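Colleague: The structure's right below; bear with me while I get my questions together.
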Amino acid sequence: MILLSYMKKKLLIIGGGFVGSLVAKELENKFETTLIDKKEYFEYYPGILRIVINNNHKEKIKVKYKNYLKKSLIINGTVLSINNNFVTVGRKNIPYEYLVICAGTKYKNHMKNEFCIPSYEIENFDKDKEKIKKAKNITIVGGGLVGIELAAELIELKNKKITILQSRETIIHEENKKSINYATEYLEKNGVNIILNTKVKKIIKKTIITNENKKINSDLIFLCIGKIPNTDFMLKNFSEYLDEKRYIKTDEYLRLINHNNIFAGGDIISINKNKLAQNAKEHAKIIINNIINSEENKKLKEYRPKEKIKVISLGTKNGIIT
């Protein structure tokens, strides 16, 4: 049978987000599957910002991999490099016949500072929950989707002065005018101070110094800018397959350029579409289909991005559908 011909082939997945978890769950009965992630659990990213106002919420949005991946080997660690037939984690080289890269993105912390929170992972919000609780004056650097959704959550904590610093002429500049106006009016109506056309030059402890040398003092600073892909492990042997921003270049089948057995999906790829969970799920479906079809010598399926409905959260009781 065709199925038996590839049951012992090794499938290695880097990253356990939407793409990695879906691929592992679907294919662990067909391949010898290994999932590598620095965490032991899946995080539901669209719900993470709610932890700011309700720390108990974190238990609702994380699930341990072992709870739903019954046949996959879970390795908790950081990938150091990849080769054409193995991946290096720590001192171990882990072989594969198929590799799926879906390690996601992160906010680069250019300004390491005890008063700055550089990302929106569960562990960071959990670690800094007391800082968030005590802060009276909070500045959010970055007025994109994460920045405004974070501000809307912080509003509900009450008695906090919230400021958004945005380098562009509007917040959420990639959205339509109606959405921009609604979000702006909602935030300002609820006391959020939005400062546009302003870049951060540097941060010294609690003080932000802008490109115009103005000083903004804050008890706590959230950095929602400078998102970069987690592709450091590709720099040694696969840098030629990264674009100028270090996102992975794929073909129409979501394979790494010039590689028939390496696939990539989620936020980490260079396709210029919104980095949304629903798009990541589509990537996973294509990758699952194409790995199986590769084994069965069938035609691969092309990934064709489609516009999808987007929901922008503005706290627990408001939002925008666009």
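Each value in this text was obtained by applying a stated rule to the coordinates, not by laboratory testing. Quantities reported herein were computed from a predicted structural model and do not represent experimental measurements. Glycine also receives a Cβ, built like all others from the backbone with ideal geometry; neighbour counts cover every protein chain displayed.
Colleague: Can you sort 13, 122 by how many other beta carbons sit within 10 Å, fewest first? Don't skip to the end; give the middle numbers.
Modeller: Values: 13 31, 122 20.
In increasing order of surrounding Cβ atoms, one gets 122, 13.
Colleague: As a footprinting exposure proxy, order 309, 138, 75 by other Cβ within 10 Å, with the fewest listed first. Write down the numbers at each step before the final one.
Modeller: Details: 309 8, 138 24, 75 18.
In order of increasing Cβ crowding within 10 Å: 309, 75, 138.
Colleague: Considering only Cα-Cα distances, which of the following residue pairs are longer than 28 Å: 177/306; 106/189; 160/199; 134/275; 64/245; 133/245?
Modeller: Pairs exceeding 28 Å: 106/189; 134/275; 64/245; 133/245.
Colleague: From the residues 147, 221, 186, which one has its Cα farthest along the dipole of the stretch 109-225 in the positive direction, the dipole being from +1 and -1 charges on Cβ of Lys/Arg and Asp/Glu about the Cα centre?
Modeller: Farthest towards the positive end: 221.
Colleague: Okay, moving on. What net charge do the residues around residue 300 carry, taking every other residue with its C-beta under 14 Å from that of residue 300, with Lys and Arg at +1 and Asp and Glu at -1?
Modeller: Working: positive: 255, 285, 298, 299, 301, 304; negative: 251, 252, 295, 296, 302.
Net of charged neighbours comes to +1.
Colleague: Another question about this same structure. Listed highest first by mean packing, meaning other Cβ atoms within 10 Å per residue, what order do 276-283, 298-305 come in? Mind dumping the intermediate values first?
Modeller: Numbers: 276-283: 19.0, 298-305: 13.4.
Most protected by this proxy first, the peptides run 276-283, 298-305.
Colleague: Remind me, relative contact order of the chain in percent, using alpha carbon pairs under 8 angstrom and six or more residues apart?
Modeller: 19
Colleague: Let me ask you something else. All other residues with a Cβ under 13 Å from the Cβ of residue 25 taken together, and with Lys, Arg as +1 and Asp, Glu as -1, what is their net charge?
Modeller: Local net charge: +4.
Colleague: Suppose the chain between residue 80 and residue 190 were pulled fully straight at 0.36 nm per residue; how much longer would it get relative to their current alpha carbon spacing? Write down the numbers at each step before the final one.
Modeller: Details: separation 110, 0.36 × 110 = 39.60 nm, distance 4.53 nm.
That pair, residue 80 and residue 190, stretches by 35.1 nm at full extension.
Colleague: Can you give the local net charge around residue 257? Use residues other than it whose beta-carbon is closer than 14 angstrom to its beta-carbon, Lys and Arg +1, Asp and Glu -1. Could the numbers behind the result be given before it?
Modeller: Values: positive: 249, 255; negative: 240, 243, 251, 252.
Summing Lys/Arg as +1 and Asp/Glu as -1 gives -2.
Colleague: Rounded to the nearest 20 Debye, what is the dipole magnitude of the stretch 1-105 about its Cα centre when Lys and Arg each give +1 and Asp and Glu each give -1 at the C-beta?
Modeller: Its charge dipole is roughly 240 debye.
Colleague: Please give the helix 145-155 orientation as an angle from the longest Cα principal axis of the chain, in degrees from 0 to 90, rounded to the nearest 10.
Modeller: It works out to around 50 degrees.
Colleague: Within the stretch 247-282, which residues have the backbone N less than 15 Å from the label spot 7 Å out from residue 41 along Cα→beta-carbon, could you tell me?
Modeller: Correct set: none at all.
Colleague: If I fit a long axis through the Cα atoms of helix 177-189 and take the longest principal axis of the Cα atoms of the chain, what angle between them do I get, 0 to 90°, rounded to 10?
Modeller: The two axes meet at around 50 degrees.
Colleague: I would also like to ask the following. Express in nm, to one decimal, how much length is gained between residue 212 and residue 63 on full extension, taking 0.36 nm for each residue of separation and deducting their alpha carbon distance.
Modeller: Net length gain for the segment: 49.1 nm.
Colleague: Counting alpha carbon pairs within less than 8 Å and at least 6 residues apart, what relative contact order, in whole percent, applies to the stretch 109-225? Show your work: numbers first, answer last.
Modeller: Values: 195 pairs, mean separation 41.8, N = 117.
RCO, the stretch 109-225: 36 percent.
Colleague: Restricting things to alpha carbons, tell me how big the stretch 109-225 is in terms of Rg and Dmax, in Å.
Modeller: So, for the stretch 109-225, Rg and Dmax equal 13.4, 37 Å respectively.
Colleague: Here's something else I'd like to know. With a cut-off of 8 Å between alpha carbons and a minimum separation of six or more residues, what is the relative contact order of the stretch 162-216 in percent?
Modeller: 35
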